[in-house]
There are 2 protein chains.
Amino acid sequence: MNTESTDPLVIFTPSGKRGRFPVGTPVLTAARQLGVDLDSVCGGRGICSRCQITPAFGDFPKHGITVSRDALSDWNSTEQRYKDKRGLIDGRRLGCQATIQHDVVIDVPPESQVHKQVVRKAASARTIIMDPATRRFFVEVAEPDMHDPTGDLERLKRALRDQWQIDDLRADLAVLAKLQPALRKGNWQVTVALHQDHRGGPARILDIWPGYHDTGLYGLAIDLGSTTIAAHLCDLADGQVLASSGVMNPQIRFGEDLMSRVSYAMMNPGGAGEMTEAVRMALNGLVQGLTTEAGIDPALIFEAVFVCNPVMHHLLLGLDPVELGQAPFALATSDSLSLPAAQLDLSTVNECAQVYILPCIAGHVGADAAAVALSEQPHKSKDLVLVVDVGTNAEIILGDESRVLACSSPTGPAFEGAQISSGQRAAPGAIERVEIDPATKEPRFRIIGLDMWSDEDGFAEAAAATGISGICGSGIIEAVAEMRMAGILDPSGLIGSAEQTGTPRCIAEGRTHAYTIWDGRPEGGPLITVTQGDIRAIQLAKSALYAGARLLMDEMGVDKVDRVVLAGAFGAHISPKHAMVLGMIPDVALDKVQSAGNAAGTGARIALCNSAARAEIERVVQQINKIETAIEPRFQEHFVAASAIPHATDPFPELAQVVSLPDVSFNTGGDGAGGGRRRKRRG
Amino acid sequence: MNTESTDPLVIFTPSGKRGRFPVGTPVLTAARQLGVDLDSVCGGRGICSRCQITPAFGDFPKHGITVSRDALSDWNSTEQRYKDKRGLIDGRRLGCQATIQHDVVIDVPPESQVHKQVVRKAASARTIIMDPATRRFFVEVAEPDMHDPTGDLERLKRALRDQWQIDDLRADLAVLAKLQPALRKGNWQVTVALHQDHRGGPARILDIWPGYHDTGLYGLAIDLGSTTIAAHLCDLADGQVLASSGVMNPQIRFGEDLMSRVSYAMMNPGGAGEMTEAVRMALNGLVQGLTTEAGIDPALIFEAVFVCNPVMHHLLLGLDPVELGQAPFALATSDSLSLPAAQLDLSTVNECAQVYILPCIAGHVGADAAAVALSEQPHKSKDLVLVVDVGTNAEIILGDESRVLACSSPTGPAFEGAQISSGQRAAPGAIERVEIDPATKEPRFRIIGLDMWSDEDGFAEAAAATGISGICGSGIIEAVAEMRMAGILDPSGLIGSAEQTGTPRCIAEGRTHAYTIWDGRPEGGPLITVTQGDIRAIQLAKSALYAGARLLMDEMGVDKVDRVVLAGAFGAHISPKHAMVLGMIPDVALDKVQSAGNAAGTGARIALCNSAARAEIERVVQQINKIETAIEPRFQEHFVAASAIPHATDPFPELAQVVSLPDVSFNTGGDGAGGGRRRKRRG
């Protein structure tokens, strides 16, 4: 299109893009030529209404133009028919029908943008810009001609090339089987769901419908953890989460932590296959639940993005994880994977749905860590940030825009309430917060599902609905930290006796002691205590976490970080103060500790909604320096020193400004429980 | 490598390629730099012995050099060890170990060439040059390094890139699952079976073995016909056919010919699926039989090439063929297809095996016709050649290097012995040749499996083994033509009575007559006759064939062709003279009628053994002009005129020079069988 300086000037907001176009140019055409982000599924035929725009009239001194009421063409019959039938918001026009007559300012509302921004609740996290790999395209296909015979697929490909500039295309047999009826039923007009590979490989037709088919396309963001599997069902048009759900990973019955599952695979012929089958079955059930909850057709799920640690990654793919159990911890494959969902036996989605699995960083630092990096963007941070994803294994990332390091540390499942005497998963009735009065040594607590403290009036009655059943991960962390602050626990991790602490809540348990949080026995409930064994489990977990962070700080050559981000399913529930009292994380000002929620899950959502983010994380992962904790001799040193609460040698000056920890010691010379178990575990 | 004019001169035979190389250059290296076709699987490590060459010594005046005995280096320890262990033919050296010392002439024997020519029996057919898509490659892979963690697959890819210049690679999950054990068992050396796409798409690792694995790789060339499925099991290294087999297409129970199968799909919900399942099951059985016969592991079959007509094509792929039953006969897809064998439920091959299906030319002219074009190369012919592939449907191609036309004609299965009263498939005991004495009207015949005529001594005893069971396709053609030559059949296709013909072998059958070829009833065998109904069936078939050929000749603007090639499973068994007496093919000198045997099957073998041939036929198919017989009014005219034997109006001057046909007429005014049925069939 040749333009002249006398042609009308068109200015698009909010982009600010501008250009001159001959009178009669459709607004959609102008937008496309200027690269303005204006959606269209039907290709400008006045069918899909995705290209709605709002012309603005009047004086625009900022832009130096005045827009008259007749700046756009009158309503034509197509546009009028659309409005009469479906309705249009006042002031809105269809960008493909309204043509430019005079200088005009045109606003593209967010819902008309393909690459709309998704506003997220957590302020700290990045915004998601929609750029899904799978989108709908409406096309008109030439009818077959006996004098120039070509297949229907070949004519559909030609139409997609001519009308949408999509060149390299594949269609599975399942789509091919639907093609001929769809073309005829739609009178040679069809809507296709098209998956475009972010690496520039051939696009893939995932589904086809007769005529213009106004349907949502959906995707799954799945965080496949050792203990829980969490999934979000998202709308691929606007990123909205329609349903979220989590289930226990059924592989738990083969082994609580990663290493015991690897052992199961090593010791049992076919054991890896059993675990693969179990997790795939659980995934199908989980997805089925999500579609039922959201009330959508499973055949409209076209994509699933997975993040997981390397052992989960291999077991999901049907690969024996045995090499991940021994140095040098070689992955079968570390790059990202794009494959049909059917290959993972994912049957509760469209039969042609595509799976994307983020790349792994190393044998102990998986796609989940990559997802955390994608969500938290340490490689773009100006200050030095430590990102800790707390789960059964902790993924730790330290870095800024100059350099990023990563490692994984075997914290075990204690932080998730497992291996804790009264531990349980986070569910209604679980104690999630604990406070202990330093003077009286009396505790008060809150349970999940109830918005009041245990010492408030009416608590007992309200709690009767769920009962008080145990302590969840965040509860045990608070309990142990509060015990330390109240002088019930000494720095070495010993619980004092009733005599030493002056409270009958400390009760003898063999040669050690336990602290009573809640005695439900009179009412037939449980006795909930924190035992010496619980303390040891927490010490092992937090030492591993701290030692991993220190190892990265050594490698980076720093003694201090600027900022800590707590991620992980329960990262959001850990109070920074308690985490620091425990010595889980390096000393830092409390207001520099942020919670990122389930950052791995967020990373999965970003990769689901934004195809370019896949390319980004693949690039970033290449640049991350991986540290292998298992072979670093200093890890062991750091681990031992970190056993004390908060730490044997490292000063915690920032913490000291907020909390003063009582200087108690309950060692009477007889107890040696901790060391022995620690040695055994690291052996 | 910099070379100087004083460096030794190396001349390779038979290619004649020559160049100078520094002293010490391995022969394999020199061959590669000159583009000489010298095989190597191990990449020059002295393991695979595929690079064997023979130095020639003495004077070579033609090349202007003299080769001394020390032109190549002495045997090194690797080469000596190989010879001691495995043996080498006298005079042979390993090209990767022997280095160049002085001027030398080096012969590359055929077995050391990758692109070796496959000598074929039929002189008329083209030679196959080996260039298989799937080949073995031996690679050394870097061990995992914890300080630079990458997946085993990523290191294998790097090795294939560095050692074999293969860049873009994929591996299925099935291969990924074998990768880690294979690398460790092979001490970081593995052999992979690699499939390279002829369109330049990513290569695909189909299998992996520890260390250097000296195995054959095999492929299938499958001609999937409406009536029979024929398959060859070929060695992908040298093109050798290790086993061939054929089975009836089990879809016959759903309908004898193509249109009745399309009808079955239209009339029965799920009917297409039933037929798909039936043919896939038959294919698995067929392949299983082939591997058993050849004694090879089914997991070593890595490729299968299919040729078939459009209806078989769609049913194989699981596509409803309904559109192929009605104008405009639109194919779901016409391009060639490359897909995993697993998608076709082909389970008796390697789990990652790849299928290639040749492109279809049009809705009635399928991948089988494309295969015939690939085998017979009409597009490279200097003279005008008519290629006729006779089967249940006849594919007809007419052309030369300037232009190629193609059509399909519905001959029905009469030529294959079906719909013939005493017809049967070609099997021992079937009459395959017939001669009738024009004077006595007495027949003599031969049966399949016996190398003598029925009037020879000892025939009866010898035939007792199989019995005389019926007439096969070539037998019925000869019988009808001989009846015409002997004056038993008139030009309109009427069989005379005993009185009219003067032989008691003509017996009454209702209002018509039949000619007795063999009366086995006294011995408890069948009465084998050619009935008036059989004649009508043959007339319908041959008229369709002739009319198709004439339609192409009209379009080409010619009255005569230079050459006729008879292809098809039984094309080899039709005598040109009898075909022409029948008027199956246009008049041409008898020595210009050639038989190409199963040209479609040969085309499949070519595409199996030569990857570049796939690109060639895809290009050629684009250039072929398709003629749709069903909508050409002249087809009907040609069909009616061709009903007479040999023809109502077209002169057959070439035939007249060899055979003089008696001018008889048996029409007594009462018979009208032929016309009525003919009209019914074409309605």
- Task: Output the residues belonging to region B:321-332 that are more than 16 Å from residue A:154 (Cα to Cα) and either basic (Lys, Arg) or facing another protein chain (nearest Cβ under 7 Å) (or both).
- Result: B:327
- Query: Has region B:413-433 got at least one residue that is under 30 Å from residue B:561 (Cβ atoms), basic (Lys, Arg) and part of a loop (DSSP other than H, G, I, E, B)?
  - Reply: no
- Quick one: is residue A:142 surrounded by fewer than 18 Cβ atoms within 10 Å (Cβ to Cβ), within 14 Å of chain B (Cβ to nearest Cβ) and touching a residue at least 40 places away in the same chain (Cβ under 8 Å)? yes
- Task: Take residue B:615 and decide whether it is assigned by TED's automatic domain parsing to the domain that holds residue B:404, modelled with pLDDT of 90 or more, surrounded by fewer than 13 Cβ atoms within 10 Å (Cβ to Cβ) and among the hydrophobic types (A, V, I, L, M, F, W, C).
- Result: no
- Query: Within region A:160-172, is even one residue among the charged types (D, E, K, R) and touching an Asp or Glu at 6+ places or on another chain (Cβ under 6 Å)?
  - Reply: yes
- Task: Could you grab me the full set of residues in region A:454-464 that are in a loop (DSSP other than H, G, I, E, B) and either within 17 Å of residue A:516 (Cβ to Cβ) or in contact with a Leu (Cβ under 8 Å, 6 or more places away or on another chain) (or both)?
- Result: A:454, A:455
- Considering only region B:24-73, state which residues are in contact (Cβ under 8 Å) with a residue 12 or more places away in the chain and farther than 30 Å from residue B:189 by Cα. B:55, B:56, B:57, B:60, B:63, B:65, B:66, B:67, B:68, B:69, B:70, B:71
- Task: Kindly indicate which of B:634, B:605 is under 20 Å from residue B:240 (Cβ atoms), in contact (Cβ under 8 Å) with a residue 24 or more places away in the chain and part of a helix (DSSP H, G or I).
- Result: B:605
- Inspect region A:333-346 for any residue being more than 14 Å from chain B (Cβ to nearest Cβ), surrounded by fewer than 20 Cβ atoms within 10 Å (Cβ to Cβ) and within 27 Å of residue A:170 (Cα to Cα) and give the result as yes or no. no
- In the set A:514, A:508, A:486, which member is surrounded by fewer than 18 Cβ atoms within 10 Å (Cβ to Cβ) and more than 20 Å from residue A:392 (Cα to Cα)? A:508
- Message: All but one of (1) assigned to a strand (DSSP E or B); (2) touching a Pro at 6+ places or on another chain (Cβ under 7 Å) hold for residue B:256; state the number of the condition that does not hold.
- Response: (1)
- Message: Looking at the structure I just gave you, is residue B:317 touching a strand residue (DSSP E or B) at 6+ places or on another chain (Cβ under 8 Å), buried (at least 24 other Cβ atoms within 10 Å of the Cβ), within 7 Å of chain A (Cβ to nearest Cβ) and not aromatic (Phe, Trp, Tyr)?
- Response: no
- How about region A:204-233: which of its residues are hydroxyl-bearing (Ser, Thr, Tyr) and part of a loop (DSSP other than H, G, I, E, B)? A:212, A:215, A:226, A:227
- If you check residue A:167 against the conditions, is it more than 12 Å from chain B (Cβ to nearest Cβ) and either over 26 Å from the mean Cα position of the chain (by Cα) or within 19 Å of residue B:336 (Cα to Cα) (or both)? yes
- Message: Can you tell me which of (1) surrounded by fewer than 16 Cβ atoms within 10 Å (Cβ to Cβ); (2) hydrophobic (A, V, I, L, M, F, W, C); (3) within 25 Å of residue B:592 (Cα to Cα) is the one residue B:556 doesn't meet?
- Response: (1)
- Just one of (1) under 30 Å from residue B:614 (Cβ atoms); (2) β-branched (Val, Ile, Thr); (3) within 11 Å of chain A (Cβ to nearest Cβ) trips up residue B:150, so point out which. (1)
- Message: With the requirement that a residue be among the polar types (S, T, N, Q) and either surrounded by fewer than 12 Cβ atoms within 10 Å (Cβ to Cβ) or in contact with a Gly (Cβ under 8 Å, 6 or more places away or on another chain) (or both), what does region B:441-475 give you?
- Response: B:466, B:469
- Residues being under 19 Å from residue B:480 (Cβ atoms) and part of a loop (DSSP other than H, G, I, E, B) - total across region B:434-452: 6
- Hits in region B:479-488 (condition: touching a Ser or Thr at 6+ places or on another chain (Cβ under 8 Å) and closer than 9 Å to residue B:436 by Cβ): B:488
- Query: Can you pull out the strands (runs of 3 or more DSSP E) entirely within region B:334-407 that have at least 2 residues that are within 16 Å of the chain's Cα centre (by Cα)?
  - Reply: B:354-357, B:385-389, B:394-400
- Residue in region B:146-163 that is of a type in the set (Asp, Glu), buried (at least 21 other Cβ atoms within 10 Å of the Cβ) and either assigned by TED's automatic domain parsing to the domain that holds residue B:353 or part of a helix (DSSP H, G or I) (or both) present: yes
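The values are calculated or read from the model by the stated rules, or taken from the named source; none is laboratory data. Note that the coordinates shown come from a computational prediction; the quantities given were computed from them, not determined experimentally. Positions of Cβ are generated from backbone atoms using ideal geometry, with glycine treated the same way; all protein chains shown enter the neighbour counts.
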